[in-house]
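Visitor: Handing you a structure now.
The values are calculated or read from the model by the stated rules, or taken from the named source; none is laboratory data. Nothing here was measured: the structure is a model prediction, and the numbers come from that model. Please note: Cβ atoms are built from the backbone with ideal geometry, for glycine as well, and neighbour counts cover all protein chains shown.
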Amino acid sequence: AIVGYTNAGKSSILNAIATSADVLAADKLFATLDPTTRRLDTSSGSVLVTDTVGFVRNLPHGLVEAFKATLEEAADADLLVHIVDASDPEFDVQYETTCKVLAEIGAGTAKSLIVYNKIDRLQDRTPLEFMAIRHPGSIFVSATTGEGLPALKAAIEAALTADEAEMTLRVLPADYAIVPLLYREAMVLSEGHDGEATIVRCRVPERLLSRVERFRLDQ
């Protein structure tokens, strides 16, 4: 899920990296009110990326409740792509604000990738050195010029596959319910049949290993 302070450029980033996207990108509060999901193709397969509502300082509790549906997309995501407006003098405060709201919805400890956007607006890029030290592994991009976007895509792929194990599973008809689960929560590379069972080649996240271990062919 893409998260960040309002006007950080979340929708613009999604438009720039997704395989197909037509997300409203506007310089105004809450331009994105409903979750919008697009496909991002990587060398490891396709992943779904969801744009979420922009956060603001002192977001009233009632407003958090009103946006609960879109915020839950962040809480359930495998990876949070946290967009920060590098050109805003208060970028650090905005970053902390977003982190606070994420903590309120139960996503404070989720795996995240920090992305500083709008670097094309910086006449002096010295502050980027501070940002890199403050958040090692951060990515610096411009959704407008395209600078840094290939690195962002690669970083998303690396983060999502870091704890995955590639394996081949043999699933008998009585256990077929595990296959839809793999499509939802793992990355299915291929599916076939050997006459008796379904053969699935997939990348499985660590949290699912105990559930699929008994189906493995390549132990």
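Each row is one residue, and each column tells you yes or no for (1) at pLDDT 70 or above; (2) in the same structural domain as Arg184 (by TED's automatic domain parsing); (3) buried (at least 19 other Cβ atoms within 10 Å of the Cβ); (4) not in a loop (DSSP other than H, G, I, E, B).
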{"residue": "Ala31", "(1), (2), (3), (4)": "no, no, no, no"}
{"residue": "Asp41", "(1), (2), (3), (4)": "yes, no, no, yes"}
{"residue": "Asp78", "(1), (2), (3), (4)": "yes, no, no, no"}
{"residue": "Asp92", "(1), (2), (3), (4)": "yes, no, no, yes"}
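Visitor: Looking for something in contact (Cβ under 8 Å) with a residue 40 or more places away in the chain and within 29 Å of Val49 (Cβ to Cβ) - is there at least one such residue anywhere in segment 175-185?
Guide: No: segment 175-185 contains no residue that is in contact (Cβ under 8 Å) with a residue 40 or more places away in the chain and within 29 Å of Val49 (Cβ to Cβ).
Visitor: Okay, next question. Would you call Val212 in contact with a helix residue (DSSP H, G or I) (Cβ under 7 Å, 6 or more places away or on another chain), outside any helix (DSSP H, G or I) and β-branched (Val, Ile, Thr)?
Guide: Criteria not met by Val212.
Visitor: Taking segment 129-157 as the region of interest, how many residues are within 16 Å of Asp92 (Cβ to Cβ) and either touching a strand residue (DSSP E or B) at 6+ places or on another chain (Cβ under 6 Å) or surrounded by 19 or more Cβ atoms within 10 Å (Cβ to Cβ) (or both)?
Guide: 4
Visitor: Which condition breaks for Val53 when tested against (1) at pLDDT 65 or above; (2) over 25 Å from Ala186 (Cα atoms); (3) assigned to a helix (DSSP H, G or I); (4) of a type outside the set (Phe, Trp, Tyr)?
Guide: Here Val53 clears every test but (3).
Visitor: May I pose another question? When you check Asp120 against the structure, is it of a type in the set (D, E, K, R), touching a helix residue (DSSP H, G or I) at 6+ places or on another chain (Cβ under 6 Å) and surrounded by fewer than 18 Cβ atoms within 10 Å (Cβ to Cβ), yes or no?
Guide: no
Visitor: Could I ask something else about it? Inspect segment 57-71 for any residue being at pLDDT 75 or above, outside the structural domain of Pro205 (by TED's automatic domain parsing) and under 22 Å from Glu185 (Cα atoms) and give the result as yes or no.
Guide: Scanning segment 57-71 turns up no residue that is at pLDDT 75 or above, outside the structural domain of Pro205 (by TED's automatic domain parsing) and under 22 Å from Glu185 (Cα atoms).
Visitor: Just to verify a result, which residue in segment 103-127, among those that are within 18 Å of Val81 (Cα to Cα) and assigned to a helix (DSSP H, G or I), is farthest from the chain's Cα centre (by Cα)?
Guide: The extreme case among them is Ile119.
Visitor: Among the residues of segment 170-180, which ones are surrounded by 14 or more Cβ atoms within 10 Å (Cβ to Cβ) and either within 19 Å of Arg38 (Cβ to Cβ) or out of contact with any Leu (no Cβ under 7 Å at 6 or more places or on another chain) (or both)?
Guide: Val171, Asp175, Ile178, Val179
Visitor: Just for segment 153-202: of the residues that are outside the structural domain of Gly45 (by TED's automatic domain parsing) and among the basic types (Lys, Arg), which one is farthest from Gly45 (Cα to Cα)?
Guide: Among those that are outside the structural domain of Gly45 (by TED's automatic domain parsing) and among the basic types (Lys, Arg), it is Arg170.
Visitor: Among the residues of segment 203-219, which ones are closer than 16 Å to Ser46 by Cβ and surrounded by fewer than 13 Cβ atoms within 10 Å (Cβ to Cβ)?
Guide: Result: no residue meets the conditions.
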